[in-house]
Amino acid sequence: MRDPRNVADLVARLNHGTYDDASSDGLKPAQWSALRYFANANRFSKTASAFAQYQGITAGAASQTIGGLVKQRLLKRTCDTADKRRHHLTLTTKAERLAEADPIGSLVAAASTLEESQRDATALGLSKMLAHLVLKRGGAIFGFCDDCEYLRCERRSGRADNYRCAQAEQALTEQDLDKICINFEAGEASA
Ligand code: SF4
């Protein structure tokens with residue numbers, strides 16, 4: 001059986017290994033995390049407060065990271081059509097180009113060397129560790145529609161399935177299903 005310290009040391013070394021290559025693009029690890037978050041978040045989660053909850057960081061720290069990225073023209077702020085006080089953040093074309101050089105690529109290559117069952121077991125263990133840390137810091141657990149109790153699907157013969165979010169009371173597209181969501185609530189199967 002592995003000592004918990006040994007597991008923690010492996011995670012810390014993986015983290016260092018990832019960001020050794022990051023300096024050439026001039027972005028800090030927190031900024032890369034933010035770009036990755038806004039690329040993967042769904043439309044209900046593209047806000048500074050959702051990012052803070054995802055990372056388990058303070059609103060001030062989140063706004064500092066985001067402000068730097070807006071200044072560098074890597075993130076773009078747009079007003080919510082229903083609530084003008086609310087802003088949505090999206091990647092600019094410059095950021096999308098930069099994302100191709102994301103230092104996480106070396107970690108993705110390392111993860112690709114695992115067999116499928118090893119990847120599933122690793123993902124499960126790491127998710128549990130991360131949830132423990134994020135919840136302790138007052139953050140939230142995000143998830144995908146497929147595992148969420150609010151997903152509704154109307155099957156219609158001969159046509160594409162109709163997806164709907166019962167929480168937001170809005171229709172969902174196929175693309176929405178691939179994004180992480182702050183309003184996620186684990187359904188029975190995934191709880
Ligand atoms: S179904 Fe769940 S995860 Fe999907 S958009 Fe609705 S609340 Fe978010």
Pick out, in residue order, every one of the trypsin sites (Lys or Arg not before Pro) in segment 133-183 that is DSSP loop and has at most 16 other C-beta atoms within 10 Å; say none if there are none. Arg137, Arg155, Arg156, Arg159
If unit charges are put on Cβ atoms (+1 for Lys and Arg, -1 for Asp and Glu) and the dipole of the chain is taken about its Cα centre, the option from Ser63, Gln170, Val11 lying farthest towards the positive end turns out to be Ser63
Please find, in a Gaussian network model of the chain (springs between Cα atoms separated by less than 10 Å), the residue of Ser33, Ser49, Ser106 whose mean-square fluctuation is greatest. Ser106
If the only charges are +1 at each Lys and Arg Cβ and -1 at each Asp and Glu Cβ, what is the size of the charge dipole of segment 1-82 around the Cα centre, to the nearest 20 debye? 300
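Could you order the peptides 10-16, 59-65 from most to least packed, using the average number of other C-beta atoms within 10 Å per residue?
Order by mean packing, descending: 59-65, 10-16.
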Segment 50-142, Kirkwood Rh and Cα Rg, ratio Rg/Rh at 1.05
If you split all Cα-Cα distances of the chain into 10 Å bins from zero, what percentages do you get per bin, shortest first? 8, 29, 37, 21, 5, 0
For Lys84, Lys76, what's the largest-to-smallest order of accessible area, 1.4 Å probe? Lys84, Lys76
Listed residues Ala123, Ala101, Ala82, most fluctuating in the chain (Gaussian network, C-alpha, under 10 Å): Ala82
Any of Lys46/Lys71; Lys136/Lys179; Lys28/Lys128; Lys84/Lys136; Lys28/Lys71 with alpha carbons more than 20 Å apart? Name them for me. Lys136/Lys179; Lys28/Lys128; Lys84/Lys136
Among Cys145, Cys79, Cys165: highest mean-square fluctuation, GNM of the chain, C-alpha pairs under 10 Å: Cys79
About its Cα centre, what dipole magnitude does the chain give when the only charges are +1 on Lys and Arg Cβ and -1 on Asp and Glu Cβ, stated in debye to the nearest 20? 880
Have a look at the DSSP beta bridges in the chain and tell me what percent are antiparallel, nearest 5. 95
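Report the FRET efficiency, 1/(1 + (r/R0)^6), for Asp9 and Glu116, where r is their Cβ-Cβ distance and R0 is 30 Å, rounded to 0.05.
The pair Asp9/Glu116 has a calculated efficiency of 0.70.
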Relative contact order (%) - segment 4-136, alpha-carbon pairs under 8 angstrom, separation at least six: 25
Rounded to one decimal in nm, the spacing of the 7 Å Cα→Cβ label points at Ala123 and Glu169 is 3.4
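The values are calculated or read from the model by the stated rules, or taken from the named source; none is laboratory data. Just so it is clear, the structure is predicted and the values come from calculations on it, not from any experiment. Note that we place each Cβ from the backbone using ideal geometry, even for glycine, and neighbour counts take in every protein chain shown. To get the accessible areas, we keep the full protein, side chains included, count just its heavy atoms, and leave off ligands, DNA and RNA. Shrake-Rupley method; radii C 1.70, N 1.55, O 1.52, S 1.80 Å.
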